[in-house]
Amino acid sequence: MAHASHDGTPRSLAFTVHGARVAVHRPTGEVRVLQSVQAVDAGTVLNPEQLRGQVEGGAAQAIGSTLYEEVVLDDTGRVTTDAFRSYRVPKISDVPRTQVLFADTHDPLGPLGAKSMSEAPYNPVAPAVANAVRDAIGIRPYRLPMTRDRVWALLADATDAGGA
């Protein structure tokens, strides 16, 4: 008989930072991401092309959930956005190429100095886009997705209140 436990420490932590430049069409509230940049600390990058693709894909997925994708339920709890005609996913024209920058680090805990990326490329995108929208219109959106009707409502409310 044996007993053992492990609390998961020490462990490596990957870091990503995202920057976005957006354009907001004030009459409609439409937000377009014009530039997408992500800096990645993945320790020693073992396969740069694979990791670049993972970061680009994670950023594209995050732009989709940040600006377009929303599960809507009716009063009974049934999903009403159950088909692509009602559930908006980004088209390739909606997502700019993400510039990926790798930090030059080495992690003593990871295999060959690498760190796991997992969902790290996805996580910083929504806050970066929300901050870019704030810079563009003077109001920071807090609700996702930042659909054109929601951004338009923020602008309309600010105009009614004498702002933006």
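The values are calculated or read from the model by the stated rules, or taken from the named source; none is laboratory data. Small disclaimer: the values here were computed from a predicted structure and weren't measured. Glycine gets a Cβ as well: all are built from the backbone with ideal geometry, and neighbour counts include every protein chain shown. Ligands, DNA and RNA are stripped out before the accessible areas are found, and what is left, the full protein with its side chains, is counted by its heavy atoms. Shrake-Rupley method; radii C 1.70, N 1.55, O 1.52, S 1.80 Å.
May I ask you to verify whether GLY162 is open to solvent by less than 60 Å² (accessible area, probe 1.4 Å) and farther than 24 Å from GLY58 by Cα? Spelling it out, it is not the case that GLY162 is open to solvent by less than 60 Å² (accessible area, probe 1.4 Å) and farther than 24 Å from GLY58 by Cα.
Among the residues of the range 121-164, those identified as of a type in the set (Gly, Ala, Ser), at pLDDT 95 or above and either in a loop (DSSP other than H, G, I, E, B) or over 30 Å from ASP41 (Cβ atoms) (or both) are GLY138, ALA153. When residues in the range 86-117 are screened for being of a type in the set (A, V, I, L, M), farther than 30 Å from MET146 by Cα and loosely packed, with under 11 Cβ neighbours inside 10 Å, 1 of them pass.
Report, by residue number, each residue of the range 51-104 that is at pLDDT 95 or above, more than 11 Å from the chain's Cα centre (by Cα) and among the small types (Gly, Ala, Ser). Across the range 51-104, the qualifying residues are GLY53, GLY77, ALA103. Has the range 30-47 got any residue that is touching a Ser or Thr at 6+ places or on another chain (Cβ under 9 Å) and part of a helix (DSSP H, G or I)? No, there is no match, as no residue in the range 30-47 is touching a Ser or Thr at 6+ places or on another chain (Cβ under 9 Å) and part of a helix (DSSP H, G or I). When GLY64 is tested against (1) under 25 Å from PRO127 (Cα atoms); (2) open to solvent by 30 Å² or more (accessible area, probe 1.4 Å); (3) part of a helix (DSSP H, G or I), exactly one condition is not met: (2).
Residue check: is ARG11 charged (D, E, K, R) and surrounded by 12 or more Cβ atoms within 10 Å (Cβ to Cβ)? Criteria not met by ARG11.
More than 12 Å from GLU30 (Cα to Cα) and either of a type in the set (Lys, Arg) or within 13 Å of the chain's Cα centre (by Cα) (or both), is that true of PRO127? So PRO127 fits the description; yes. The residue pairs whose first member lies in the range 133-147 and is under 14 Å from VAL89 (Cα atoms), whose second member is surrounded by fewer than 20 Cβ atoms within 10 Å (Cβ to Cβ) and of a type in the set (D, E, K, R), and whose beta carbons are closer than 7 Å, counting only pairs six or more residues apart or on different chains, are PRO145/GLU69; PRO145/GLU70. Here ARG85 meets the list (1) free of Cβ contacts under 8 Å to residues at least 12 places away in the same chain; (2) closer than 30 Å to HIS106 by Cα almost entirely, failing just condition (2).
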